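For reference, the structure is listed below as structure tokens.
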Amino acid sequence: MQSTVWFTDLSSGPGKSLLDKTGGLLRAAGLSSRIRPGALTAVKLHFGERGNTSFVRPVFVRRVVEEIAAAGGRPFLTDTNTLYVGGRSNAVDHFRTAVANGFAFSVVNAPVILADGLRGESRVMVPVDGSLYREVAIGAEIVHADALVAVTHFKGHELAGFGGTIKNLGMGCAARSGKLAQHSTVSPSVDPGGCTGCGTCVLHCPAGAISTVPEKAFIDPGVCIGCADCIVVCPEGAVTIDWNEAAPIVQRKMAEHALGALRGKRESSLFLTFVQQLSPYCDCYGNNDRPIAPDVGILASADPVALDQACADLVIRAAGRDPFRETHPQIDWTVQLSHGEEIGLGTRRYRLETV
């Protein structure tokens, strides 16, 4: 069975701007039927790191907010804190970065509420029927929201080949412990050269897995629960991650976390993807290189797998080559799509409808 993917190109003219076309795309894709009156609606997006300029522009997000409000919903913008230490690793810095990149209330007409709390500890373990997981850690406010609209910038990615809606849901909705589970098979470790033995990580560890032996912190991997709190609370940045998981497994784990993010919301979710300024890497970088393919357009669907497949197909058609394999030749980006289809996240078969 095919899923419908709605598409609009980037042409515009007097009386019909790209913002108007974005609103029309959402309406054609059935947004109003997916948002019940009063629904607290999570608008999941990536605010971009400081220095990055390829994330979805705030004026487009405002139109999404307006369409949700017109359907009777009560939208808020959200993301989860990062696993790595940077400008979005806690809610305070994350909020400041979002505002600096244009996502202020005065611009988007919606509040920013970080889904996994102050330090990424606010999570819900959501049951999933996956081949790798039986439960996954998802940011609490995404789980508790009544509806979800994911707004995604389609781009290249060093582990997934491309980052689309599946990544925005699976990696982006995961609490910090879920991000660690996707990227690594081992517990964090302490670099003794950087550790001062201050004890901050010991105080914050909920499992009691960290001790100072005798003047340096040590993480007991047999006790560690993988929450990753120690990574961001260390004032010296001495707690490190072994980014050792193989790319195909990361993609499978990502798809199963996406399944968890949508649990209970399959009929109250919609996905909007901007296929433009296709940077070679994720918007988590504090810069973005020149695009690897031409701009294509904006797409929407209720099926995240079909949407990502359609985006990839249109990019390859526009470029006359596969820019994702060209940029990341060691990555088979189809794994996330095939595994998503296998676990019931969606289908790779689609019908493209132009708005």
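With both labels modelled 7 Å from their Cα along Cα-to-Cβ, the F105 to D242 distance reads 4.6 nm. When the Cα centres of the stretch 316-355 and the stretch 195-270 are compared, how far apart do they sit, in Å? Taking the Cα centre of each part, the stretch 316-355 and the stretch 195-270 sit 30 Å apart. Count Lys and Arg as plus one, Asp and Glu as minus one, and take only other residues whose Cβ is under 14 Å from that of S269; the net charge is then +3.
Considering only DSSP beta bridges where both residues belong to the chain, give the percentage that are antiparallel (nearest 5). Show your work: numbers first, answer last.
Details: 24 of 45 bridges.
DSSP beta bridges in the chain are roughly 55 percent antiparallel.
Computed over the stretch 192-261, relative contact order equals 28 percent, with contacts defined as Cα pairs under 8 Å that lie 6+ residues apart. Of the GluC sites (Glu not before Pro) found in the stretch 71-160, those that fall in a DSSP loop while having at most 16 other beta-carbon atoms within 10 Å are E158. Picking from R63, R252, R176, which is most flexible by a Gaussian network model of the chain using Cα springs under 10 Å? Maximum fluctuation in the GNM of the chain, among the listed residues, is at R63. Restricting attention to the chain, the count of lysine pairs at 8 or more positions apart or across chains with alpha carbons under 14 Å apart stands at 6.
When shorter helices are ignored and each DSSP H run of at least 4 residues is given -39500 (n - 2.57), the per-residue value for the chain at 222 nm works out to -9000 deg cm²/dmol.
Read the figures in this text as sums done on the coordinates, not as results from a lab. All values derive from a computational prediction rather than experimental measurement. Methodologically, a virtual Cβ is constructed for each residue, glycine included, from the backbone with ideal geometry; neighbour enumeration extends over all protein chains shown.
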